[in-house]
C-alpha cells in the first residue's frame, strides 16, 4: 500500500460506540434475536469484530442442552482457530444481515460480509435481497466468538480472503498513515473502506469538518478515496479511518479570521429548542441562541428560521479552544 500525503495528528481513539452493532426493525426466520436495543442500524463493517444484542433475551443458541452447548462452543472455537470454512444454511434475516445455524448454535452474518448482496439504499430492496437468501447455503468463516456474550458471528467475505494476506495488511497499518481505499458500504453512522483485505470504519463525524446528514451525501459505494488512519486494533481487526483529518481544521486560528462585531452571512444547518446553528464557512458553525434570533420573544426557533435559510449575523463571541462561536441575528442590523 502506497502512503501519500503528510502526517496529521490524530485525536483520542475512537469511542467504543463507533463499533457497536446496533440492530433495529423486525426479524424474519426462526429464532432470530430480538431487536429491542434499537438505536440506528447494524454496525456490520470490516472483517473484524461485530456485536450482537447482549443478555438472556438475545440468545445465540438454539435447541441443545447446556452440556451440548458447551461442547458446541468449544468446537466452534477450534474451528475458528483453524480457520475452517463452514457451509451453512441461511435460516432467517433481519435489518442487518442473515442468520445461520451450526451445531445447535445460531450465528449472524452481517450484510457487509455477504458477497453477492446487491448495494441498495432502498430498505424494501434490502429486505427482499436478504429474504431471498433464506434456504441457500453460504461458505463462511467464524470471525467472532464469545460464549459469555452469546456472540457467534461469521463472514462470507472472510472465507475468500487469505488470513495471511489480511494479517499482512493489518501489520503494515499505523496511526497517521495516509492510504487509498475503496468505499464498500454506507450506513447511517458511517462508511466502510477496503484497504486491500481489511476494512476500516469512517465514522460519520470523521467524514467532514462540516455537518454530514448521511454518509451517502458525500460518498458512493465503489468510490476510491484517500483516508487517514486514526487507530489500529490488530487483536480485534478494527481500523478507524478519517477523511476530514486530511483537510485543515477550520477552528484552527479562527480568532485570527473572525472578531466580535463582525457581520457575516451564514446558512442555517440545524434548529434546536434553544436556538439554531449557522455555518459561516465549511466546517465552521456558530450558535444563534434563541434570545439572539429576534427582538421579540420567540416561542421556538422554528418560528424565525428553518434549515437552509440564509441569514445575516453578527459575531458576539469566538472561542477557538472550545470550538464555539456565538452569533446574533437581532444585533446584525443597526437600530
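The values are calculated or read from the model by the stated rules, or taken from the named source; none is laboratory data. What you are looking at is a predicted structure, and each value in this text was computed from that prediction instead of being measured. Here Cβ is always computed from backbone atoms with ideal geometry, including for glycine, and neighbour counts include all displayed protein chains.
Can you find a residue in the range 217-228 that is over 21 Å from residue 113 (Cβ atoms) and surrounded by 21 or more Cβ atoms within 10 Å (Cβ to Cβ)? Yes, there is a match, as at least one residue in the range 217-228 is over 21 Å from residue 113 (Cβ atoms) and surrounded by 21 or more Cβ atoms within 10 Å (Cβ to Cβ).
Does residue 271 count as touching a residue at least 60 places away in the same chain (Cβ under 8 Å), touching a helix residue (DSSP H, G or I) at 6+ places or on another chain (Cβ under 6 Å) and surrounded by 15 or more Cβ atoms within 10 Å (Cβ to Cβ)? So residue 271 does not fit the description; no. Selection over the range 181-211 of residues that are closer than 26 Å to residue 307 by Cα, touching a helix residue (DSSP H, G or I) at 6+ places or on another chain (Cβ under 7 Å) and not in a strand (DSSP E or B) gives a count of 6.
Does residue 259 satisfy being in contact (Cβ under 8 Å) with a residue 40 or more places away in the chain and exposed (fewer than 15 other Cβ atoms within 10 Å of the Cβ)? Yes; evaluated as a whole, the condition is true for this residue.
Checking 198, 227 one by one, the residue that is closer than 22 Å to residue 177 by Cα, modelled with pLDDT of 90 or more, in contact with a strand residue (DSSP E or B) (Cβ under 9 Å, 6 or more places away or on another chain) and outside the structural domain of residue 123 (by TED's automatic domain parsing) is 227 and no other. Of the conditions (1) out of contact with any helix residue (DSSP H, G or I) (no Cβ under 7 Å at 6 or more places or on another chain); (2) buried (at least 17 other Cβ atoms within 10 Å of the Cβ), residue 128 satisfies every one except a single condition; which number is it? Answer for residue 128: the failing condition is (2). On inspection, residue 138 does not qualify as surrounded by 21 or more Cβ atoms within 10 Å (Cβ to Cβ), in a helix (DSSP H, G or I) and at pLDDT 85 or above. Among the criteria (1) within 23 Å of residue 238 (Cβ to Cβ); (2) in the same structural domain as residue 98 (by TED's automatic domain parsing); (3) surrounded by fewer than 16 Cβ atoms within 10 Å (Cβ to Cβ), the one residue 154 does not fulfil is (3). Quick one: is residue 85 modelled with pLDDT of 80 or more, surrounded by 20 or more Cβ atoms within 10 Å (Cβ to Cβ) and within 14 Å of residue 143 (Cβ to Cβ)? It is false that residue 85 is modelled with pLDDT of 80 or more, surrounded by 20 or more Cβ atoms within 10 Å (Cβ to Cβ) and within 14 Å of residue 143 (Cβ to Cβ).
The condition of being over 25 Å from residue 218 (Cβ atoms), touching a helix residue (DSSP H, G or I) at 6+ places or on another chain (Cβ under 9 Å) and without any contact (Cβ under 8 Å) to a residue 40 or more places away in the chain holds for only one of 302, 330, 296, 322, that being 330.
Look at (1) modelled with pLDDT of 80 or more; (2) under 27 Å from residue 226 (Cβ atoms) and you find that residue 117 fails only one, number (1).
I'm checking my understanding of the structure. Among residues of the range 268-297 that are in contact with a strand residue (DSSP E or B) (Cβ under 8 Å, 6 or more places away or on another chain) and part of a loop (DSSP other than H, G, I, E, B), which one is nearest to residue 330 (Cα to Cα)? Applying the filter and picking the extreme gives 293. Run residue 133 past the list (1) at pLDDT below 90; (2) outside the structural domain of residue 205 (by TED's automatic domain parsing); (3) over 19 Å from the mean Cα position of the chain (by Cα); (4) not in a strand (DSSP E or B) and report the number of the one that doesn't hold. That leaves (1) as the condition not met.
Of the residues making up the range 184-191, one or more are crowded, with 20+ Cβ neighbours inside 10 Å, farther than 22 Å from residue 83 by Cβ and at pLDDT 85 or above.
Residue pairs whose Cβ atoms lie under 8 Å apart, sitting 6 or more positions apart in sequence or on different chains, and linking a residue in the range 203-226 that is on the phi > 0 side of the Ramachandran plot to a partner that is modelled with pLDDT of 90 or more and buried (at least 19 other Cβ atoms within 10 Å of the Cβ), do not occur here.
In summary, residue 236 fulfils each of the numbered conditions (1) surrounded by fewer than 15 Cβ atoms within 10 Å (Cβ to Cβ); (2) in contact with a helix residue (DSSP H, G or I) (Cβ under 9 Å, 6 or more places away or on another chain); (3) closer than 19 Å to residue 287 by Cβ with the single exception of condition (3). Among (1) touching a helix residue (DSSP H, G or I) at 6+ places or on another chain (Cβ under 6 Å); (2) outside any loop (DSSP other than H, G, I, E, B), where does residue 265 come up short? If we test residue 265 against (1) touching a helix residue (DSSP H, G or I) at 6+ places or on another chain (Cβ under 6 Å); (2) outside any loop (DSSP other than H, G, I, E, B), just (1) comes out false. Criterion first (surrounded by 13 or more Cβ atoms within 10 Å (Cβ to Cβ), at pLDDT 95 or above and either touching a strand residue (DSSP E or B) at 6+ places or on another chain (Cβ under 8 Å) or on the phi > 0 side of the Ramachandran plot (or both)) does residue 246 satisfy it? Against the criterion (surrounded by 13 or more Cβ atoms within 10 Å (Cβ to Cβ), at pLDDT 95 or above and either touching a strand residue (DSSP E or B) at 6+ places or on another chain (Cβ under 8 Å) or on the phi > 0 side of the Ramachandran plot (or both)), residue 246 does not qualify.
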